[in-house]
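Asker: Here it is, the structure in full.
Values quoted throughout were computed directly from the atomic coordinates according to the rules given, and no laboratory measurement underlies them. This is a predicted model, so every value here is computed, not measured. Counting neighbours? That spans all protein chains shown, and the Cβs are built from the backbone with ideal geometry, glycine included.
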Amino acid sequence: MSGWAAVLAVAALETAAGIGVLAALGVAGTPVEVARRLGLAPLAGMALAGVLGALLAFAGARLGLPGLVALAAGALALGGARLARRPRGTSPTRRPGRPGARELAVLAVAAATILAVWVAAIAGIRDRPLAEWDGWAMWGMKARALALLGADPAVFASPAYAHLHLEYPLLLPALHSLPLQAAEGYQSNTVLLSCLAIGLAGIAALWTGLAGRVRPVLLLPFLAAYVAAPAFFVQLATGYADVPLAVFLSVGVACAARWLARDRSAWLALATLFLAAAALSKNEGLLFAAAAYTGLLAAGSGRRRAVLASAGAVALACLPWRVFVEVHDLEAPDYRLADSLRLGWVLGRLDRAWTAGQELVDAAVEPRRFGLLLALGVGAVAVAAALGARRLALFGGTFFALSSAGLLWVYVLTPYDLRYYLFTNAERVIVAPIFALAALAPLLVEETVRRLRAEELVAGRR
Amino acid sequence: MARFLGFDDRVWEEMQRTVEKGERYAIVAEGERKDHVVTYATYRLLPGIRVLDPVEAEVVFYYHVDDAPEPCTALGERVCALERTVEE
C-alpha cells in the first residue's frame, strides 16, 4: 500500500472511531446529528487513537493496525448502544435564513480561499520528504521506531537516544506510526501526509464544532484566515509537532468555549479528549491545557465541578507518561520547572523574560507567519469583554495570557543561551496559543453580536 | 536525506543491510560531522537499536575513523563494520 493509501485507510478507521466517540459522549444524540457533526469525527478519532497510543507506549506496547480496527469497532459499538438507548426523533435545529447576495459573496471568497490553500498545501506536501532536522531526527525517528519495534525501552528510554527529547510524550509518533505500519516500505513522506491529515481534520472539526453556534457568513472567513496564515501549512510540512498541537488545542478550546456558552456538557467531554491529545502532543501542550482549564475555572462559575472533573481526566491521561519519564530518569534538558523554586537564581534571570517577550511579540505579529490571526484573536477578546460575552472573553483572555506567561517562564528557566534558544524555537512555540485564540474568535464575535441584538430588542420593548 | 546531509547514500544502504531487526549496533564516528552521523544513524538504521558502548553491540560501525580495528568489513570510503558476538 502506498503512503497516501495508508494515510487514507488509517484516517477512515480513525473517523469510524470518532463517530463512535461523538455518539458515546452525546455530542451527536441522533443519527441525524451524527451526520451533521461528521466533520468532528476524523479529529476525534485521531485524538482517541493518539491518547491510547501514548498510554500504551508507557507500557512498552503500541497501538497497531489490529488495535486501531478494534478501537474503531469498540467505539462504534459504544456509540451505537448510546444512540439506541435515546428516544427517537431529532433534536430541534435552527434553520438558517437564505443568505443575501452580500453574504453569498463573502462565503464564496472565504470558501475559495480555503480551497486554494488546501490545494496548494496538498500539492506542496504530496511528494515532499522529511527534510527539516527535528522532523526526521526526532518525530520521524520515533514514529518509525514505534512502527517497527513498538515502544521498546531499548530505544525510548535509552541514553543512546537521549539527545532526541525522549521526555516528550508519544501521541504524535503513535499516530504517525499507524500509516507507517500499513504502508509498504518506509517513505518519510508518509509522516508528512499524516501531519497533513491532522491539519485537514482540524479544519473540518473547527467548522463542524462551531457551525451550530456561529453563522457561516462569520465562521467561514475566520476559518479562511486561520488556514491562510502561512505558518499553518508551512510548519505542517516540516513534520514538527507545533501545528498538530495547535490543531488539537484549537478544537479543544473551541469545544470548551461552546460548553461555556451554555451548551450541553457533552461539548466539555469532547474538549477533554482534545485537550488530553494536546497535552500529550508535546511538553508545552500540558502548559497550554493547564492555561485553558484555568480560564474555564475563572469563567465557569457555577459549573466548576465539571471543569475540575475534565481537568482531572486530562491529568490522569498524562500521568502514566510522567511516571515513565521519572522511572527511566529521562532528562528534560530545555528547562527544569523545579528551578522556579531557586528564588535567588530566578530573580537574577528575570530580565530574560523581557528579551523573550519582545522576541515572541515580534514573531507573533509577523504577517508572513500568522497573517492577521493575533489581531483577530486579541480584537475578538477585547470586543467581547467590552460589549457582552464576558465569560468567553475571560476564558480566552486567561488562556492566552497564561500560555504566553508560561512560555516566558520557560525562557527564564532554560539553561541555554537565550538568544540561541529564541532563535531555534520562538516562532514555533507561539503557534499553538495564537491559533487556539484565533479559533475562539468567531464564537466570541457571534456571542457578542447576539447579546447586543438581545439588548436592542429589550430596549425596543421598553 | 543522506544526500541532503552530504552523505553517500550507498554507504548507508550497506550499513542498513548489516544490521538486522532488533540487533544492537554502536557507531564510532570522528570528524566535524560526527554528531550528524550519529543522529542520522539512529533514524536510518532502524529497526537496529543503537547502544552507546561498543562492548554491548553486535555490530560496531567505524565512520571516518583512522585505525579501525581488524577485521572490519569495508562498506565505503573510510567506513567499515565490525561484527561481534556479545556474551549475554
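Asker: Please rank A:Asp152, A:Asp263, A:Asp362, fewest neighbouring Cβ atoms within 10 Å first, as an exposure proxy.
Answerer: Lowest count first: A:Asp362, A:Asp263, A:Asp152.
Asker: Return one number: the angle in degrees, 0 to 90 and rounded to the nearest 10, between the long axis of the Cα atoms of helix B:34-44 and the longest principal axis of the Cα atoms of chain B.
Answerer: Between the helix axis and the principal axis of chain B, the angle is about 70 degrees.
Asker: Let me know the shape class of the range A:109-251, please: from the alpha-carbon gyration tensor, a ≥ b ≥ c as square roots of the eigenvalues, rounded when a/c is under 1.5, otherwise prolate if a/b is greater than b/c, or oblate.
Answerer: Cα axes put the range A:109-251 in the prolate bin.
Asker: Calculate for chain B the 222 nm mean residue ellipticity that helices alone would give, adding -39,500 (n - 2.57) per DSSP H run of length 4 or more and normalising by residue count, nearest 500 deg cm²/dmol. Please list the in-between numbers first.
Answerer: Details: 2 runs with 21 residues, N = 88.
Helix contribution divided over all residues of chain B: -7000 deg cm²/dmol.
Asker: Taking a ≥ b ≥ c as the square roots of the Cα gyration tensor eigenvalues, with a/c under 1.5 meaning rounded and otherwise prolate when a/b beats b/c, else oblate, which class fits the range A:1-67? Walk me through the numbers before you get to the answer.
Answerer: Details: a/c = 3.21, a/b = 1.46, b/c = 2.20.
It is oblate, given that a/c is not under 1.5 and a/b is not larger than b/c.
Asker: Please arrange A:Ser2, A:Ser340, A:Ser194 by counting, for each residue, the other beta carbons lying within 10 Å of its beta carbon, fewest first.
Answerer: Taking fewest neighbouring Cβ atoms as first place, the list is A:Ser340, A:Ser2, A:Ser194.
Asker: Where in the range A:237-276 are there trypsin sites (Lys or Arg not before Pro) that are in a DSSP coil and have at most 10 other Cβ atoms within 10 angstrom of their Cβ?
Answerer: The qualifying sites are A:Arg262.
Asker: Only helices at least 27 Å long along their axis, Cα-based, and averaging -0.5 or more on Kyte-Doolittle count here, so list those DSSP H runs from chain A. List each step's numbers first, then the result.
Answerer: Numbers: long enough: A:3-25 (32 Å, 1.83); A:65-85 (30 Å, 1.30); A:101-125 (36 Å, 1.99); A:189-211 (33 Å, 1.73); A:304-327 (33 Å, 1.16); A:390-413 (33 Å, 1.26); A:431-461 (46 Å, 0.75).
What comes out of the filter, once short or polar helices are dropped, is A:3-25, A:65-85, A:101-125, A:189-211, A:304-327, A:390-413, A:431-461.
Asker: Per residue of A:148-158, count partner chain C-beta atoms within 10 Å of its C-beta, then hand back the mean as an integer.
Answerer: Partner Cβ neighbours, averaged per residue: 3.
Asker: Can you sort A:Met1, A:Met46 from fewest to most other Cβ atoms within 10 Å of each residue's own Cβ?
Answerer: A:Met1, A:Met46
Asker: Decide, for the range A:27-143, between rounded, prolate and oblate: order the square roots of the alpha carbon gyration tensor eigenvalues as a ≥ b ≥ c, take rounded if a/c falls under 1.5, and otherwise choose prolate if a/b is larger than b/c, else oblate.
Answerer: In terms of gyration-tensor shape, oblate.
Asker: Could you tell me how many degrees, from 0 to 90 and to the nearest 10, lie between the Cα long axis of helix B:9-18 and the main elongation axis, the longest principal axis, of the Cα atoms of chain B?
Answerer: Helix B:9-18 sits roughly 10 degrees off the main axis of chain B.
Asker: What are the residues whose amide H is under 5 Å from the amide H of B:Ala29, where those residues sit 5 or more places off or on another chain and H is modelled from the backbone?
Answerer: B:Tyr63
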